[in-house]
Every structure is written in structure tokens, then in C-alpha cells.
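A.B. asks: To start, I am sharing the structure in question, which I have written as C-alpha cells.
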Amino acid sequence: MIGALVLAGCGDSDSGSDASATGAELSVDAAYIPQPVSDTMAAGFLTITNEGDAEDELTSVTSESGDVTVHETVDGTMKEVDRLPIPAHGRLVLESGGNHLMFEKLKQRFKEGQTVPVELHFAHSDPVTVKLPVKAATYQPTDNSEHSGH
């Protein structure tokens, strides 16, 4: 089970004189990688929830296991993008058939049972490290209600 990682916004919460918005408050869950069929490529999925009053953006992802890019899927076609929005009081869902992470130039093939650490980078918030468990190639998240409404 993956515990949620919570990240406070950039603002200094101890500063009572700051009248601006509290910033993004990000947490990450539902993270996984289906065991890839390729030796050199894999896809990663997760949900970033923003409980804060300010939007943020996922700008990049890094991993020691290979190159990671952020992909957007529109009308069944995927393309690499340099950022995806995370709305205030909303979520960014990276899921099979939709927006996702693409791992390329893997140093070794991911095997079921492994965990793959990645660092998520944002436009305004501090980076967050997440461990993505490698699941069976046929794994489907059980709670699809998390992905409704987009």
C-alpha cells in the first residue's frame, strides 16, 4: 500500500503577515507501473491531488532508472508536453489511455514486485519523491471513481 505524500506550498506557513493565497498543497497516490513488455520503455501512472488554494503544474519527472517524460493524450494520440496543470482544489490524473509518464532508455527492465523511485518537479512547489510499485502487466486500479469527472 502506498502512503500519501503531502507537500505544502512554497509559502512560509509561519509568516502570519503573508496575506496571499496559501499555495498548492499536493499529495500523490494511486502510483504504479504495469510490468512492461519492452526492455527499454514503460509507462507510469499516479494521481496528484491539490487541496490548496493555488494551482500548480507538473513540469518534469526524473529517475535514476532511465529518462522520464510527461505525455498528454488527446483524441487517442499521445505527445510529450513540458507541463500539465494541477488545479486548485482539484487533481491531475495520470492513467492508462490518458495522460501518463513515459520511461525510456531503461537501465534495466522493470519486474513485478520492484519499486521505482521518481522525483516529481513542479512549477511552484518543492519536488516530491514517489516510489512506484511495478504491478502485473494486466493490473487495473480497483477504484475507478477516482478518475470520474474529467
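A.B. asks: Provide a single number: the residues in the range 39-53 that are more than 11 Å from the chain's Cα centre (by Cα), open to solvent by less than 30 Å² (accessible area, probe 1.4 Å) and under 27 Å from G23 (Cα atoms).
C.D. replies: Taking the range 39-53 as the starting set, the residues that turn out to be more than 11 Å from the chain's Cα centre (by Cα) are 39-43, 50-53.
Pick out the ones that are also open to solvent by less than 30 Å² (accessible area, probe 1.4 Å) and you get 42-43, 50, 52.
Now narrow it down to the ones that are under 27 Å from G23 (Cα atoms): 50, 52.
Residues meeting the conditions: 2.
A.B. asks: Determine which single condition L120 fails, assuming it passes every other condition in (1) within 15 Å of L46 (Cβ to Cβ); (2) at pLDDT 95 or above; (3) outside any strand (DSSP E or B); (4) not hydroxyl-bearing (S, T, Y).
C.D. replies: Here L120 clears every test but (3).
A.B. asks: Quickly run through the range 83-105 and pick out the residues that are small (G, A, S), within 19 Å of S38 (Cβ to Cβ) and either touching a residue at least 40 places away in the same chain (Cβ under 8 Å) or buried (at least 17 other Cβ atoms within 10 Å of the Cβ) (or both).
C.D. replies: Pass one, the range 83-105, residues small (G, A, S): 88, 90, 96-98.
Filter once more, so that each one left must be within 19 Å of S38 (Cβ to Cβ): 96-97.
Correct list: S96 only.
The values are calculated or read from the model by the stated rules, or taken from the named source; none is laboratory data. Everything quoted here is computed from the prediction, not taken from an experiment. Cβ sites come from the backbone with ideal geometry, for glycine too, and all protein chains shown count toward neighbours. Accessible surface is based on the protein model in full, side chains and every heavy atom, while ligands, DNA and RNA are left aside. Shrake-Rupley method; radii C 1.70, N 1.55, O 1.52, S 1.80 Å.
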